[in-house]
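Colleague: Mind having a look at this structure? Questions to follow.
The values are calculated or read from the model by the stated rules, or taken from the named source; none is laboratory data. Since this is a predicted model, take the numbers as computed values, not measurements. Here Cβ is always computed from backbone atoms with ideal geometry, including for glycine, and neighbour counts include all displayed protein chains. Keep in mind that these areas ignore ligands, DNA and RNA; they rest on the heavy atoms of the full protein, side chains included. Shrake-Rupley method; radii C 1.70, N 1.55, O 1.52, S 1.80 Å.
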Amino acid sequence: MSEAAKNSAETANFFEFRNVCKAFDDRPVLKDVSFTVKRGETCVIMGRSGVGKSVSLKHIMGFLQADSGQILVDGVDVTHFSEAQFEQVRRKVTMVFQSGALFDSLTVRDNIAFPLDGQPGLTYDDLEAYVAKIANMLEVDHVLDKLPSELSTGMKRAVAIGRALAQNPEAILFDEPTTMVDPIMAGHAGDLILRLKKAFHKTSIVVTHDTHLAKKLADVVIFLQEGEVTFFGPWAGFESSNDPFLKNFRMQDELIPALDVTL
Ligand SMILES: Nc1ncnc2c1ncn2[C@@H]1O[C@H](COP(=O)(O)OP(=O)(O)O)[C@@H](O)[C@H]1O
Ligand SMILES: [Mg+2]
C-alpha cells in the first residue's frame, strides 16, 4: 500500500485545516483557521458576508494557496500540491458553486452526464439510467431536455448538484446553496441536500448564512468571524451558545424568511 493510501485508510478526518493563514494584498482574510471534518460528516460553515467562507473552500479545491498552515484532504497534505496533483483531488472532492456554473449550451441531461462522458466501460444505456436516477432524486426529471436558461435559479442549483453527484465524489462542497432563491425554494434545496446526506453519507461542507439550512444539515458547525473560527462544535452547542454575537446572528437570520413569507 502506498503511503498516501495508508494514511487515507487510517484517518478519521476527511478534511483538516491546521492554522491556515491567508492574506490578499497584506489584508488578512483567514487568521489561523483550524478545524476538522470527519469522514461522512456534514460540516456547515457560517458567518456574515466577506468573512472568508468561500475563500476557505477554494483552498481545499486548490484555487487558492495558503500563506502558512496546512490543509489535509483524505489524510494527505495538499497545501503545496501542484495543479496536476489538484486535478486528482478534484476527482475526490467536487464543489457546487454559488452561480451553479452550468454549461449554457448543453441540456440538463448533458450537463448532468458531463462528468461521465467518455468513462471506460459505461454504455449509453448505463449513462441514461444513471442520469435518470440522479434527476429523479433531485426532482429535475421533467426538465432533462431543457437548457439552463429555461430554468429557475432553484432548478439550476439542483442540476448543478446533479452534475457534482454524477462524478461520484467522496466529498461535496456547497457554496451558499440557498442564497438568492425565495424561502420556499431555499427550503426545497435544503431538503434535497438532506436527502443526499441520508442516501449517500458523503463528507460535505456547506457554506451558508441560512440558519434554517444549517439546522437541517449540520453535524458540526464552524462559525467564522473576520477570518477567525469563533465557534467549532456540534449544532446543539451553536444553537444554545450565549455568545452575544452568535445569538444576534441566529436571531437576525431567523427573522428574514418569516418577513418574506408575510410580504
Ligand atoms: N481572489 C481574491 N483577491 C482578493 N481578495 C479576495 C479574493 N477572494 C476573496 N477576497 C476577499 O476575501 C474576503 C473573504 O471573501 P469570501 O471568502 O468570498 O467571503 P464569504 O465569507 O462571503 O464567502 C473578502 O473581503 C473578499 O473581498
Ligand atoms: Mg462566499
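Colleague: Quick one: give the max-minus-min coordinate of the C-alpha atoms of the chain along each principal axis, largest first, in Å.
Modeller: 58, 53, 35
Colleague: Continuing with this model, one more query. Roughly speaking, what % of Cα-Cα pairs in region 101-150 are separated by over 17 Å, rounded to a whole number?
Modeller: Value for region 101-150: 33 percent of Cα pairs lie more than 17 Å apart.
Colleague: Identify all lysines with a Cα-Cα distance to LYS146 below 23 Å; exclude those on the same chain that are fewer than 8 residues away in sequence.
Modeller: The qualifying lysines are LYS133, LYS156.
Colleague: Mean residue ellipticity at 222 nm from the helices of the chain, using -39,500 (n - 2.57) per DSSP H segment of n ≥ 4 over the full residue count, to the nearest 500 deg cm²/dmol?
Modeller: -13000 deg cm²/dmol
Colleague: A further question on this structure: When the Kirkwood radius is taken over all Cα pairs of region 69-160, what Stokes-Einstein diffusion coefficient follows at 25 °C and 0.890 mPa s, in µm²/s?
Modeller: 163 µm²/s
Colleague: What are the extents of the Cα atoms of region 129-228 along their three principal axes, listed from largest to smallest and rounded to whole Å?
Modeller: Projected onto its principal axes, the Cα set of region 129-228 covers 44, 28, 20 Å.
Colleague: Please give the contour-minus-distance gain from PHE114 to ASP141: 0.36 nm per residue of separation, less the Cα-Cα distance, rounded to one decimal in nm.
Modeller: Gain on extension, PHE114 to ASP141, equals 8.1 nm.
Colleague: Let me ask another. Tell me, what ³J(HN,Hα) does each residue in region 12-28 have, in order and in whole Hz, if you take phi through Karplus 6.51 cos²θ - 1.76 cosθ + 1.60 with θ = phi - 60° and put x for Gly and Pro?
Modeller: The phi angles translate into 8, 8, 7, 10, 8, 9, 10, 6, 7, 10, 8, 10, 10, 6, 6, 9, x Hz.
Colleague: So if R0 is 51 Å, what FRET efficiency would ASP77 and SER152 give, r being the distance between their Cβ atoms, rounded to the nearest 0.05?
Modeller: E between ASP77 and SER152, to the nearest 0.05, is 0.80.
Colleague: Between SER68 and ASP182, what is the spin-label point distance in nm, taking each point 7 Å from the Cα along the Cα→C-beta axis?
Modeller: So the two model labels end up 5.0 nm from each other.
Colleague: Would you please give the residues with an amide H less than 5 Å from that of VAL206, counting only those at least 5 places away or on a separate chain, with H modeled from the backbone geometry?
Modeller: CYS43, VAL44, ILE45, PHE174
Colleague: Turning to a different aspect of this structure: Which one, ASP26, ASP219, ASP126, has the greatest fluctuation when you compute a Gaussian network model over the chain with C-alpha springs under 10 angstrom?
Modeller: The residue with the greatest mean-square fluctuation here is ASP26.
Colleague: Further question on the same structure: Could you run the Karplus curve 6.51 cos²θ - 1.76 cosθ + 1.60 with θ = phi - 60° over region 120-132 and give me ³J(HN,Hα) per residue in whole Hz, x for Gly and Pro?
Modeller: Values, residue by residue: x, x, 9, 7, 4, 5, 4, 4, 4, 5, 5, 4, 4 Hz.
Colleague: If you don't mind, there's one more thing I want to ask. Ignoring ligands, DNA and RNA, what percent of the 1.4 Å accessible area of the chain is carbon and sulfur?
Modeller: Ligands and nucleic acids excluded, carbon and sulfur reach 54 percent.
Colleague: Averaged per residue, what accessible surface does the chain expose to a 1.4 Å probe, in Å²? All intermediate terms of the calculation are to be shown ahead of the outcome.
Modeller: Details: 12990 Å² over 263 residues.
Per residue, the chain has 49 Å² of solvent-accessible surface.
Colleague: Tell me, in nm to one decimal, what length is gained between ASP25 and PHE245 on full extension, where the rule is 0.36 nm per residue of separation less the Cα-Cα distance? Kindly include the intermediate steps, with their values, before the conclusion.
Modeller: On the way: separation 220, 0.36 × 220 = 79.20 nm, distance 2.81 nm.
Contour length minus the Cα-Cα distance gives 76.4 nm.
Colleague: Report the calculated FRET efficiency for LEU122 and GLN85 (r = Cβ-Cβ distance, R0 = 25 Å), to the nearest 0.05.
Modeller: So the FRET efficiency works out to roughly 0.45.
Colleague: Can you give the longest run of the chain that contains no chymotrypsin sites (Phe, Trp or Tyr not before Pro) sitting in a DSSP loop with at most 14 other Cβ atoms inside 10 Å?
Modeller: 104-263
Colleague: Lys and Arg at +1, Asp and Glu at -1: add these up for the other residues within a Cβ distance under 10 Å of LEU165 and post the number.
Modeller: Neighbourhood net charge equals +3.
Colleague: Expressed in nm to one decimal, what extension gain is obtained for the pair PHE103 and ALA129 from 0.36 nm per residue of sequence separation less their Cα-Cα distance?
Modeller: 7.2 nm
Colleague: Another question about this same structure. Just to check I understand the Karplus step: with θ = phi - 60° and J = 6.51 cos²θ - 1.76 cosθ + 1.60, what whole-Hz values come out for region 151-168, glycine and proline as x?
Modeller: Whole-Hz 3J(HN,Hα) from phi for region 151-168: 9, 6, 4, x, 5, 4, 4, 4, 5, 4, 5, x, 5, 4, 5, 4, 6, 6.
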